[in-house]
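A.B. asks: Here it is, the structure in full.
The values are calculated or read from the model by the stated rules, or taken from the named source; none is laboratory data. This is a predicted model, so every value here is computed, not measured. Cβ atoms come from the backbone with ideal geometry, glycine included; neighbour counts cover every protein chain shown. What goes into the accessible areas is simple: the full protein's heavy atoms, side chains included, and nothing from ligands, DNA or RNA. Shrake-Rupley method; radii C 1.70, N 1.55, O 1.52, S 1.80 Å.
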Amino acid sequence: MQLQDILFSQGFGTRRVCCGLVQQGLVQVGAERAVCTDPTRELEEHGLEFWVQGERWNYHALAYLMLHKPAGYECSQKPSTYPSVYTLLPGPLRSRGGGAAAGVQAVGRLDQDTTGLLLLSDDGKFIHRMTSPRHHVPKVYEVQVKHPLDDRQVARLLEGVVLDDDPRPVRAAACQAVTDHHLRLTLTDGKYHQVKRMVAAVSNRVEGLHRSSMGQLVLPADLLPGQWRWLTSGEVSALTQKVGAPAGT
């Protein structure tokens, strides 16, 4: 692939802008960081390491990221009240691929006051796999509640509660009272404000909400609020395995 096309695919601007970056000597390639001024130079993109204006990048055909979402951010490209969670990412990740659907997209949404694990990708199949209810991807939430928990509340969440937009009961896949005011709740679907509405249905109230894991992926303790990183190929594979399937299937 030509160097200018590599830069374009990775979100560094229009093809004209990418061509200009190369011609101005602002792009280095390979472990030796050799300056390349020929935008049409053919390079093997897979595994390519390069620098743009001194910042190191690796080529990724598709982007798979995790972000520790802080409170006070909306999972929207056009936020209404709070800043967009996408502003926490570097510009190229927001522009990958060009066109109307450029950049990575959040894999599902978290409310502005909800914190924790948020996945982002530009792989439509992956996003559908992770968000479709029929795939039953478990999502674990750490819930701080206003009133002390009791066994009956936990039992009702496991048995199923009826929300106002669906007569069918909605059940937690798992539910544990970690402390009197800390509930660990696992869901496999994703209705609007589901955790808050389920907790309200058992006569309690959510005071704090944090997503700690999705599928087999746990939010690392060393990834601080507002920080992001690439998923490893192993993590992507683990996320896309069928629920209950052994590794390698």
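A.B. asks: Under 7 Å between Cβ atoms, which residue pairs at least 6 apart in sequence (or on different chains) link something in the range 135-157 that is in contact (Cβ under 8 Å) with a residue 60 or more places away in the chain with a partner that is exposed (fewer than 14 other Cβ atoms within 10 Å of the Cβ)?
C.D. replies: His136/Val243; Gln144/Glu207; Val145/Arg205; Val145/Glu207; Lys146/Arg205; Lys146/Glu207
A.B. asks: Would you check which residues across the range 61-74 are in contact with a Ser or Thr (Cβ under 9 Å, 6 or more places away or on another chain), surrounded by 12 or more Cβ atoms within 10 Å (Cβ to Cβ) and assigned to a loop (DSSP other than H, G, I, E, B) and list them? First the steps, then the outcome.
C.D. replies: Step one: list which residues in the range 61-74 are in contact with a Ser or Thr (Cβ under 9 Å, 6 or more places away or on another chain), which gives 61-65, 68-71, 73-74.
Still in the running and surrounded by 12 or more Cβ atoms within 10 Å (Cβ to Cβ): 62-65, 68-71, 73-74.
Across the range 61-74, the qualifying residues are Leu62, Ala63, Pro70, Ala71, Tyr73.
A.B. asks: With (1) closer than 26 Å to Gly11 by Cβ; (2) in contact with a Lys or Arg (Cβ under 8 Å, 6 or more places away or on another chain); (3) acidic (Asp, Glu) as the list, and Glu74 as the residue in question, which single condition is left unmet?
C.D. replies: (2)
A.B. asks: Follow-up question, since we're still on this one. Is it true that some residue in the range 2-12 is among the β-branched types (Val, Ile, Thr) and in contact with a Leu (Cβ under 9 Å, 6 or more places away or on another chain)? Steps first, please.
C.D. replies: We begin by selecting, within the range 2-12, every residue among the β-branched types (Val, Ile, Thr); these are 6.
Of the ones still in play, those that are also in contact with a Leu (Cβ under 9 Å, 6 or more places away or on another chain) are 6.
Yes, the conditions are met somewhere in the range 2-12.
A.B. asks: If you don't mind, there's one more thing I want to ask. With (1) in a helix (DSSP H, G or I); (2) surrounded by fewer than 15 Cβ atoms within 10 Å (Cβ to Cβ); (3) in contact with a helix residue (DSSP H, G or I) (Cβ under 9 Å, 6 or more places away or on another chain); (4) not polar (S, T, N, Q) as the list, and Val199 as the residue in question, which single condition is left unmet?
C.D. replies: (2)
A.B. asks: Please work out if Pro225 is open to solvent by 70 Å² or more (accessible area, probe 1.4 Å), outside any helix (DSSP H, G or I) and in contact with a Ser or Thr (Cβ under 8 Å, 6 or more places away or on another chain).
C.D. replies: Numbers: open to solvent by 70 Å² or more (accessible area, probe 1.4 Å): yes; outside any helix (DSSP H, G or I): yes; in contact with a Ser or Thr (Cβ under 8 Å, 6 or more places away or on another chain): yes.
Criteria met by Pro225.
A.B. asks: Suppose the filter is more than 22 Å from Val236 (Cβ to Cβ) and modelled with pLDDT under 95; does Asp151 pass it? Explain how you work it out, then say what you get.
C.D. replies: Working: more than 22 Å from Val236 (Cβ to Cβ): yes; modelled with pLDDT under 95: no.
In short, no.
A.B. asks: OK, next. Can you work out which of the residues in the range 202-211 that are more than 21 Å from Val137 (Cβ to Cβ) and of a type outside the set (S, T, N, Q) is surrounded by the most Cβ atoms within 10 Å (Cβ to Cβ)? Steps first, answer last, please.
C.D. replies: Step one: filter the range 202-211 for residues more than 21 Å from Val137 (Cβ to Cβ), giving 202-208.
In the following step, the residues that additionally are of a type outside the set (S, T, N, Q) were identified as 202, 205-208.
On the way: Val202: 18, Arg205: 11, Val206: 22, Glu207: 13, Gly208: 15.
Among residues in the range 202-211 that are more than 21 Å from Val137 (Cβ to Cβ) and of a type outside the set (S, T, N, Q), the one surrounded by the most Cβ atoms within 10 Å (Cβ to Cβ) is Val206.
A.B. asks: What number of residues in the range 75-103 are in contact with a strand residue (DSSP E or B) (Cβ under 9 Å, 6 or more places away or on another chain), open to solvent by 30 Å² or more (accessible area, probe 1.4 Å) and not in a loop (DSSP other than H, G, I, E, B)?
C.D. replies: 1
A.B. asks: Let me ask another. Could you tell me whether the range 19-30 includes any residue that is on the phi > 0 side of the Ramachandran plot and open to solvent by 60 Å² or more (accessible area, probe 1.4 Å)?
C.D. replies: Checking the range 19-30: not a single residue is on the phi > 0 side of the Ramachandran plot and open to solvent by 60 Å² or more (accessible area, probe 1.4 Å).
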